[in-house]
Amino acid sequence: MVAITLPDGSVRRYDKPVTGADVAADIGPGLAKAALAVKVNGDMKDLLLPLTEDVKLAIVTKKDPDALELLRHDAAHVLAEAVQELFPGTQVTIGPAIENGFYYDFARNEPFTLDDLPKIEAKMKEIVDRDEPIRREVWDRNDAIAHFKSIGELYKAELISGFPEHEPISIYRQGDKWLDLCRGPHLASTGKLGKAFKLTKVAGAYWRGDSNNAMLTRIYGTAWADEKQLAEYLTQIEEAEKRDHRRLGREMDLFHLQEEAQGAVFWHPKGWTLYRTLQNYIRRRLEGAGYVEVNTPMLMDKVLWEKSGHWEKFREGMFISESEERTLAVKPMNCPGHVQIYNQGIKSYRDLPLRIAEFGCCHRNEPSGALHGLMRVRAFVQDDAHIFCTEDQVKSETKAFIDLLRVVYADLGFTEIRVKFSDRPVKRAGSDETWDKAEAALRDATDAAGLEWTLNPGEGAFYGPKLEFVLRDAIGRDWQCGTLQADFVLPERLEANYIGEDGAKHRPVMLHRAIFGSMERFIGILVENYAGKFPLWLTPLQAVVCTITEEANDYAAEVAATLRANGLRVETDLRNEKINYKVREHSLAKVPVLVVVGKKEAETRGVALRRLGGANQEILALDEATDRLAKEAAVPGTF
């Protein structure tokens, strides 16, 4: 007798082993048709897996969020079968599901191009229509190696050779002929995949990510539960391409990157104005929240990094310098330096909490292939801060940080915030009692701040639990930006103390926190969120005074001076060009306000305001226009 417990608590009993497909059919024909896989005691398994003992069982359909990874994994296998049907002799290597899609790496003498994708995609849909059964087989390791070598699949044979001796090998067969090495699970047939997929791009990829190995061709695709979701995603991707911060950065003359300084940004005047405006804004917010700002050295002896533990954990990502027989590291983070400042002088419990902030320039040796505009760089500045507090203050300081973070994000137009709560990992420092305190404090403070959170199990730092704050932008993409980590370990390693009310020495808790994270990355997110059309207070160039005729040149200079005197960032355009040409050019550069003046405006001391994206203009007196624009351009939180 096999007892199957369903999610609603009901139990179905069978006289012999059954499969998830049998249980789904027993419940009803609709579920049998929709079933893709099963969860057995919480683990995703094949729909046709025999169930020989009592289990908790959930039937997975396309409505389940967990189904997406399964669909994408199967899409990768269907892609591989399609490629080998169309291009015999191509070797398949590795093809996982990834965020929003899948890819497969192929070894072929002639690399694939974008022109090949429509043909491959059509063949994938043909395989779906064939509704080929997908079945798991278990092979002897040596037999599997011999088989893949015999059909010219040398990469698969190499993968299997790396498995332990006598380990059974899991093979999935699609239809009668095609098979692939895979742990699974998979759909019961290719028809279950549906056709809500699209191949998107090709790229080069080294075998096993090692530049010493052969270069393969990687084909990327995306797959979704239905055509509607696919269409929404493709629309989002199309919109994202229009908003690409690298393209807008060029059009708006904000920054550039070049080969001689990989992963570092050349900020142009307008881009640096944007950078300083954002930095000055958050600096005022921090000052209002009781932070003190410091600056710590860029280079520090490896002895300090060894003591902090970073030399062991982050050595490969650190830039190293040698001087006078000493090994120095360019700092990848600011934490140890802040502890050094804290340790100067004796601290009392009355001095806590102590909130130390720094716009610290950090360097990390990211792989060149991972660099991406402002989003992934090697040199970056963090809006970093560390709060030294007592254990009793963790909850109140966490809530205060969350309140500050919400205000800052709202000022910048982000009102949809999700929180991930990452609890204790398997490998960790500190006692369970300490972890209980830290997790409870973070959890209670997040609840008190009115933010919903989801558990990210086992993903905390080795020294403490972590909150990750995820923003949703204007086109529905999620960006993880802010973080808060509770650290009971670094103060111990670097011997930070305070004198408690009892006159004895105690270790402070160290809260690592950031709101933007990397300034560079956050600016990239802002550029794409606003598509370059920033709020007036944040825009690098807030207005351009454009003349219709040379007779208005002197008045244009006077208008610009008046606007500057009221705190606006203004330029003049006195060129002998038609006004429509000037409007088009400045619109491309995303200038939010054009102040148009001609002979008539000079005589009446008026201006014509044209807004970015607007077809009409508004005629105002200069004083009224100045007052209105100055109020619009006021920086949030200005004290």
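A few remarks follow.
- Flag if Ala231 is under 24 Å from Glu358 (Cβ atoms), among the aliphatic types (A, V, I, L, M) and surrounded by fewer than 18 Cβ atoms within 10 Å (Cβ to Cβ): no
- Residue identified as of a type in the set (Asp, Glu) and under 20 Å from Val377 (Cα atoms) among Glu322, Glu293, Glu316, Glu306: Glu316
- Search result, residues across the stretch 358-375 that are touching a residue at least 24 places away in the same chain (Cβ under 8 Å) and in a loop (DSSP other than H, G, I, E, B): Arg364, Asn365, Glu366, Leu371, Gly373, Leu374, Met375
- Residue in the stretch 76-91 that is over 30 Å from Ser150 (Cα atoms), in contact (Cβ under 8 Å) with a residue 40 or more places away in the chain and surrounded by fewer than 18 Cβ atoms within 10 Å (Cβ to Cβ) present: no
- Any hit, the stretch 503-519, residues being buried (at least 19 other Cβ atoms within 10 Å of the Cβ) and either closer than 22 Å to Ile237 by Cβ or among the polar types (S, T, N, Q) (or both): yes
- Restricting the stretch 124-138 to residues that are surrounded by 18 or more Cβ atoms within 10 Å (Cβ to Cβ) and either within 35 Å of the chain's Cα centre (by Cα) or at pLDDT below 95 (or both), the residue that is nearest to Thr19 (Cα to Cα) is Ile134.
- Across the stretch 177-200, the qualifying residues are those that are in contact with a Pro (Cβ under 9 Å, 6 or more places away or on another chain) and of a type outside the set (A, V, I, L, M, F, W, C), and the one among them that is farthest from Leu216 (Cα to Cα) is Ser189.
- Restricting attention to the stretch 358-406 and to residues that are over 30 Å from Phe266 (Cβ atoms) and aromatic (Phe, Trp, Tyr), the residue that is surrounded by the most Cβ atoms within 10 Å (Cβ to Cβ) turns out to be Phe388.
- Inside the stretch 562-573, residues that are more than 22 Å from Gly249 (Cβ to Cβ), more than 38 Å from the chain's Cα centre (by Cα) and surrounded by 17 or more Cβ atoms within 10 Å (Cβ to Cβ) make up a count of 3.
- Of all residues in the stretch 394-422, those being outside any helix (DSSP H, G or I) and touching a strand residue (DSSP E or B) at 6+ places or on another chain (Cβ under 7 Å) number 8.
- Search result, residues across the stretch 537-554 that are buried (at least 21 other Cβ atoms within 10 Å of the Cβ) and touching a strand residue (DSSP E or B) at 6+ places or on another chain (Cβ under 8 Å): Leu541, Gln542, Ala543, Val544, Val545, Cys546, Thr547, Ala552
- Set side by side, the residues Ala203, Ala196 differ, and just one is at pLDDT 95 or above, surrounded by 12 or more Cβ atoms within 10 Å (Cβ to Cβ) and under 30 Å from Ile134 (Cβ atoms), which is Ala196.
- The single residue among Glu251, Glu260 that is among the acidic types (Asp, Glu), out of contact with any His (no Cβ under 6 Å at 6 or more places or on another chain), surrounded by fewer than 18 Cβ atoms within 10 Å (Cβ to Cβ) and under 23 Å from Glu366 (Cα atoms) turns out to be Glu260.
- Any pair with Cβ under 8 angstrom, 6 or more apart, that starts in the stretch 114-140 at a residue that is farther than 17 Å from Val83 by Cα and ends at one that is of a type in the set (Phe, Trp, Tyr) and not in a helix (DSSP H, G or I): Ile134/Tyr172; Arg135/Tyr172; Arg136/Tyr172; Glu137/Tyr172
- In the stretch 26-54, residue nearest to Arg135 (Cα to Cα) [restricted to those that are touching a Leu at 6+ places or on another chain (Cβ under 9 Å) and among the β-branched types (Val, Ile, Thr)]: Val38
- Residue check: Gln84 meets all listed conditions (1) part of a loop (DSSP other than H, G, I, E, B); (2) farther than 29 Å from Thr19 by Cβ; (3) of a type outside the set (Phe, Trp, Tyr) but one, namely (1).
- The residues in the stretch 348-357 that are among the charged types (D, E, K, R) and crowded, with 18+ Cβ neighbours inside 10 Å can be counted, and the count is 1.
- In the stretch 423-456, residue surrounded by the fewest Cβ atoms within 10 Å (Cβ to Cβ) [restricted to those that are assigned to a strand (DSSP E or B) and not β-branched (Val, Ile, Thr)]: Leu455
- The one condition from (1) farther than 30 Å from Phe462 by Cβ; (2) under 33 Å from the mean Cα position of the chain (by Cα); (3) part of a helix (DSSP H, G or I) that Glu558 does not meet is (2).
- In this structure, Leu471 qualifies as assigned by TED's automatic domain parsing to the domain that holds Leu404, surrounded by 15 or more Cβ atoms within 10 Å (Cβ to Cβ), within 30 Å of Val527 (Cα to Cα) and in contact with a Cys (Cβ under 6 Å, 6 or more places away or on another chain).
- Among the strands (runs of 3 or more DSSP E) confined to the stretch 1-69, the ones with at least 2 residues that are touching a Gly at 6+ places or on another chain (Cβ under 8 Å) are located at 37-40, 55-60.
- Taken over the stretch 443-461, the criterion of being at pLDDT 85 or above and hydrophobic (A, V, I, L, M, F, W, C) is satisfied by Trp453, Leu455.
- In the stretch 273-289, the residues that are surrounded by fewer than 16 Cβ atoms within 10 Å (Cβ to Cβ) and more than 15 Å from Val408 (Cα to Cα): Arg276
- You will find that of Gly95, Gly89, Gly152, the residue that is at pLDDT below 95, small (Gly, Ala, Ser) and under 30 Å from the mean Cα position of the chain (by Cα) is Gly95 and no other.
- For the stretch 92-113, a tally of residues being without any contact (Cβ under 8 Å) to a residue 24 or more places away in the chain, charged (D, E, K, R) and either closer than 24 Å to Leu154 by Cβ or touching a Ser or Thr at 6+ places or on another chain (Cβ under 6 Å) (or both) returns 1.
- Ala240 meets the conditions (1) over 25 Å from the mean Cα position of the chain (by Cα); (2) part of a helix (DSSP H, G or I) in every case but one. The failed one is (1).
The values are calculated or read from the model by the stated rules, or taken from the named source; none is laboratory data. Since the model is a prediction, treat every value here as computed from it, not as a measurement. FYI the Cβ positions are ideal-geometry reconstructions off the backbone, even for glycines, and counts take in every protein chain you see.
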